[in-house]
Each structure stands twice: as structure tokens, then as C-alpha cells.
1. So is F484 of a type outside the set (D, E, K, R), in a helix (DSSP H, G or I) and surrounded by fewer than 16 Cβ atoms within 10 Å (Cβ to Cβ) or not?
2. Name the residues in the stretch 115-135 that are more than 16 Å from the ligand (Cβ to nearest atom) and either of a type in the set (D, E) or under 23 Å from N187 (Cα atoms) (or both), would you?
3. Report yes if E29 is within 16 Å of the ligand (Cβ to nearest atom), modelled with pLDDT under 85 and acidic (D, E), otherwise no.
4. Mind listing whichever residues of the stretch 114-132 are touching a helix residue (DSSP H, G or I) at 6+ places or on another chain (Cβ under 7 Å) and outside any helix (DSSP H, G or I)?
5. Mind checking which residues of the stretch 32-51 are within 8 Å of the ligand (Cβ to nearest atom) and at pLDDT 80 or above?
6. Testing I430 on (1) in contact with a strand residue (DSSP E or B) (Cβ under 6 Å, 6 or more places away or on another chain); (2) farther than 17 Å from T513 by Cα; (3) open to solvent by 30 Å² or more (accessible area, probe 1.4 Å), one condition comes back false. Which one is that?
7. State which residue is nearest to the ligand (Cβ to nearest atom) when the search covers only the stretch 150-190 and only residues that are modelled with pLDDT under 95 and either charged (D, E, K, R) or within 23 Å of the chain's Cα centre (by Cα) (or both).
8. Select the strands (runs of 3 or more DSSP E) contained entirely in the stretch 270-350, then report the ones holding at least 1 residues which are modelled with pLDDT under 95 and touching a strand residue (DSSP E or B) at 6+ places or on another chain (Cβ under 9 Å).
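The values are calculated or read from the model by the stated rules, or taken from the named source; none is laboratory data. Given the structure is predicted, the values throughout are model-derived calculations rather than measurements. A quick note on method: Cβ atoms are made from the backbone with ideal geometry, for glycine too, and the neighbour counts reach across all protein chains shown. Calculation scope for accessible area: heavy atoms of the full protein, side chains included, ligands and nucleic acids excluded. Shrake-Rupley method; radii C 1.70, N 1.55, O 1.52, S 1.80 Å.
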Amino acid sequence: MKVLEKEIRKRRTFGIVSHPDAGKTTLTEKLLLFGGAIHQAGAVKSNKIRKGATSDFMEIERQRGISVATSVLAFHYKDKKINILDTPGHKDFAEDTYRTLTAVDSVIVVIDGAKGVEEQTKKLVEVCRMRSVPMIVFINKMDRNALDPFDLFDQLEDQLKLNPTPITFPIGDGLDFKGIYHILKDNMLLYSSNDKQHLPIYHSIDIADSKQVTEAIGVPSFEQLKENIEVVDELYPKFDIRKYLDGKIHPIIFGSALKNFGVQELLDILVEIAPHPKPQISENREVRPNENNFSGFVFKIHANMDPKHRDRLAFLKIVSGTFVRNTPYYHVRLNKKLKFSSPNAFFAEKRQVVETSYPGDIVGLHDTGNFKIGDTLTDGEKLIFKGIPSFSPEHFRYVINKNPLKTKQLKKGIDQLMDEGVAQLFRLQINGRQIIGTVGILQFEVIQYRLLHEYGAECSYEALPVYKACWIDQNNQHKEFDEFLRLKQKFLAIDKSEQLVFLADSKFTLSHTLQKFPSIKFHFQSEFNAN
Ligand code: G4P
């Protein structure tokens, strides 16, 4: 087998998503621990913006630094190369998470066993489901009182539209948690609550050996387990790797990240079944990872921690071919060649200069303002990868320049922050006023703070009641379109890529406008050509 093909098959690039506090950070850390990438718990810092940090800018800055370190956590496990792409848990950074999800080949969804499906998980899972990303669900915190497993499956079906396929099944929960039954292996793993910081000693029991089983968990638990497994057998689909890879069934694993329980099972199943890098659709054609020609796209840009040096780190997902240090690559949007002398690879929580990288890997490229999210690098072909849309922001404000002497700095700062994907910028057609749209209000404060500290520019905001931004397809114009432009001119803006956007000020206006202009195509995400 060719080296490239071999390297592709080794790669497992995935993201972990959850509602905050479900245990994503703990699980990530434990995966690293079990993967042998770190040797003690507590080594990986959480990149989440702690509760109550809304007005604590230093905290946001500190977290920003940490999140560079934990943006990609790579390690070798068995004969595989694992790349975990970290996603911010804070809902105000949801857009960041959506973009990161465009660079993963599969996903682990962490659910708190006591709380079940929570709000943020819904949106994140929807984004993955729309793209048919294979998902494994880890039901965490089984060491605490949890919901009934079948109720949890119902929630996964009803609220997340998943098709649960239990791989392990819990025996009790909370103080009564005795372990898990591994449906595929037909054995049992016993839980011991002393496993605090240590790797657990597993007692694997063959379920057929009922004497040993009843001794371990007691007759009532065993009877209950048998009954449960019968129900699972009857009601839920059997595991089938093809269906999982097509995003049609969703394997479920139970455990406790905090107590190191079920994590090994998760890691083992992940390296066994999770997909290696797959072909990626571009505007021109489908690009296969094993093509000799290199290609990749930028899905995230991170500003440097040091405000004196305005360099940034662009995160490039390699789609095809081999990336080699110091090779001139073609930057499609800028139509020029760029060379990278110190591309970074990420190992556990360290960064190091890398010579070659393969599809599935993430490379950190030092950037002095050449990159925007969605940019493509290739060996020379004009490829543009699809699938990095912007969604309508939730909050909109006019930007006001507070220091006219710093107009240039303000413009540069806003431009660069928008390239990083911190927020979206719109320009009102009627008067050119700039509007910033964000997913959460925290970003407004981050922008204000960073403009001042990194660019020396001062801004304030003025509220703007916008309910939703809709992108308008200008390709199919007709007479109704002129009427729309005339009537709605006050509410029309242009986004960063010169697309026309309608800023509806209320739900009512939006539905009224949709009714009034039935032949105009309104889209709720920027990349509607991809649909
Ligand atoms: P997140 O990244 O999804 O936001 O969650 P994180 O891992 O930070 O976990 C949130 C809280 O849940 C933490 O407690 C963590 O220790 C706890 N936790 C995670 N997994 C488990 C589990 O399997 N069982 C139990 N019982 N708890 C779990 P905290 O008190 O909020 O934070 P900390 O002080 O422990 O860091």
C-alpha cells in the first residue's frame, strides 16, 4: 500500500460536542490519559469560558490562550493517529463550533445521564446530522443518579432525531451503579467507586457464566439486566458499521468520565469503527484524500495571545495529498503562492514544527493576515471547498467609531476580527453604516476589548432590532425582485462576500415578506449555493 493510503487509514479525526457541564473536558482528558498521551489527570486545561466570565476580559484572554493549546489534541493509540478537535462549549461561541465540525470526520456526543438531552446539544447534533457525520453517543456521569436508559434513548430519538444503537448497557446508576454490559462482546465490566484518579481494574465477566455474574452484581440486577437486554434486542437496531458510517444509526456507550469508566471502551470502539478521512466536496468536484495533489482548507483562525505581534494561527484541515513544510502552495482566493517554514502540528497539548502531514491532520499556519475562514490551499488547482456557511446571527448592533483619529485602525481591526470569524459584518445599503452580528452578546465585549488592546481603536455600539438575517439569492431576478428592493431598502445590507442580506426586524415582518414575495429565495445560511 502506498504511504499516503496507509497514513489516511490511520487517521481518526473527530470532535466532541456537548451541552456545557456534561463532561466534554473531562472526557477529552481521559481519552488522552487512556491513549497514553498524558500521564496524569488535570493536565489538560479546560478551554471553556467559565460561568460568570462575561465581564472578566482577562479571563476571556486567558481562556483564548489555553484554547490555542487545546484546539487540536493529537496522539497515537494502537496503530492509529487520533486528532481530537476541541470545540468551545460556551453557546456564544457556537459559530466556532459549527465551523470546527466541518473539519471532523466523526463526532462524539456527550450527554449527562442525569440531565438527558439539553438545549445546545440539539443544535450541534442537527448540524452534524445535516451533514450525515457519523456520531457515537457517550452517556456520562453514570456514577450519579441517572435517567432510565430507555427514557434516554427516547430523548435521543425524539429530540435529536438519532437512531440509538446501544453498544454497552448500564447496570444500575448512582450509588447502585455496578458496571456495564458490553452487547457486542457479550461480557460485563464491573465498576468500583475507588477508581478516582487511577485506571480501573476491569473484571471482565462472560455473561454466560451466570454464577459469576450473580455473585458480582446480585440476582435482582442480573434479572433486570437480562430483561433490559431482551428489550434492546427487540426494539433497537443491531450495530452495523455501514449504517453507522452513513449516519443512519448511532452507537451508545455508557460510562463515567470522571471515574475513568467506559472510556477505554469508547476509545477502542472509536479506533475500530470511526471513519478515516473521506472525500470532500468542493465547488468544482469531489476531492479524494488519496489524490497525490495536496489540498486543504482553513476552518479556524486564532489570534495570537501577544497583542504586540499581530500574527495569527490559521488551522488548516488537510483534505488530500501530503503537506510538506517549505513547499510553495497555491492560495486560491489570493491567487498567489505561499510557503510555510514553521507549520505546527499538535501533539497532546504541545505544538511542534512538522515536516509532513496527511489527510485528516490539522496544521497550524502562522498568518500575518493572508487567511480568512474557508480559504483553500492547493498544489495549483483552483478548488473551493463547500460547507462552511454562516448562520444568521442572533444579535445585531451598529458599530460607532469613538475615536475618529483611529478610523484606519478600527477598519483594520474589524476586518481582521471578521476574517477570524469572531462575528459577521454587514453594511447597510442605504447609508453604508456598519452592523456587527453575533451569536452571543459576549462577542460584542470581546470585540470591543480586542479592538482597543490589539489595534488601539475604540468603538461603542447602538442597538438594532433585527430578528433574523436572510441571505437573498440574486441569481433569479424578476419583476417582483425590484419591488422587494424598493420596499425593503431600509433593511437591506451587504455581507463580507458582497451577498445581499435582508435584515428582518421581527418574526412578523419576516413571515409577511416571505408571503408577499413568494418567488424570491430567502436563505437562513450564507452558503445556499451548497444546498
Ligand atoms: P464540560 O467540558 O462539558 O463543560 O464539562 P466538564 O468536563 O468541565 O465537567 C463538568 C462538571 O462535571 C465537572 O465538575 C466535572 O468534574 C463533572 N463531571 C464530568 N464527568 C463526570 C462524571 O462522569 N461523573 C461525575 N460525577 N461528574 C462528572 P465541576 O465540579 O463543575 O468542576 P471541577 O471543579 O470538578 O472541575
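1. no
2. E126
3. No: the conditions fail for E29.
4. Residues satisfying the conditions are G116, V117.
5. none
6. It fails just one condition, (1).
7. Within the stretch 150-190, the match that is nearest to the ligand (Cβ to nearest atom) is D173.
8. Details: elements: 295-303, 312-320, 329-331, 336-338, 344-347.
Of the strands (runs of 3 or more DSSP E) lying wholly inside the stretch 270-350, those with at least 1 residues that are modelled with pLDDT under 95 and touching a strand residue (DSSP E or B) at 6+ places or on another chain (Cβ under 9 Å) span 295-303, 312-320, 344-347.
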